[in-house]
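Data first, discussion second: the structure below is written as structure tokens.
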Amino acid sequence: MSDRAPRSRMLERPTRARSSVPARKTRTAAPPAEANPIDTRYLRTLMGYNARRVALVAIEQFVQDMAVYPFKPVDFSVMCVIVDNPGVTSRQLCAALNILPPNLVGLIQSLEQRGLIERRPHPQDGRATGLHATAQGAQRMMEARRTADAVEDRLASRLSPRDRQKLLELLQAVYD
């Protein structure tokens, strides 16, 4: 038998004897942020940490600017592939964008209900359906791409064109 308490008990808060006098709440002012700088040097050496920080900033700005269309990042990605690859199948979309098939089903239905895409028989595979942008979907994507370009330009404003291109190449080298 171990002399250690089970883990669940170790996480419990200690109980105090109850008193009839209410406990006095004391407020302590938090020290200013400058007084206690947080050490993130190790985290800043990690690709995943840095990629996530950039993604958070980029996604926040993207969602804000795309709200007028309305496109979430995944909607935009799916629409880009459909516009650039008329007749693409759901299976191809899943592979290209690393989306699980069950997650794509509702997304495709939503885009179709919004009048942005339509399904047509696939010319080479009679069992498959190809996805095509409608005229409205193509027009909306043309506008959305201009907005996406503006977001990207703002995000990369501190980078030279050469550094921006190199950053894209390096990021793609990690996941391609």
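Just so you know, all these numbers are worked out from the coordinates, no wet-lab data involved. None of these values were measured; they are calculated from a predicted model. Cβ placement follows ideal geometry from the backbone for every residue including glycine, while neighbour counts extend to all protein chains displayed.
Taking the range 68-102 as the range and being β-branched (V, I, T) and under 16 Å from the mean Cα position of the chain (by Cα) as the test, the residues that pass are V74, V78, I99.
Checked against the criterion of being within 28 Å of A55 (Cβ to Cβ), among the hydrophobic types (A, V, I, L, M, F, W, C) and touching a Lys or Arg at 6+ places or on another chain (Cβ under 9 Å), the range 108-124 contains one or more residues that satisfy it. Restricting the search to helices (runs of 4 or more DSSP H) fully inside the range 75-176 and requiring at least 1 residues that are crowded, with 16+ Cβ neighbours inside 10 Å and aliphatic (A, V, I, L, M) gives 90-97, 101-113, 135-155.
Within the set V63, V57, the sole residue that is in contact (Cβ under 8 Å) with a residue 24 or more places away in the chain, within 11 Å of the chain's Cα centre (by Cα) and not in a loop (DSSP other than H, G, I, E, B) turns out to be V57.
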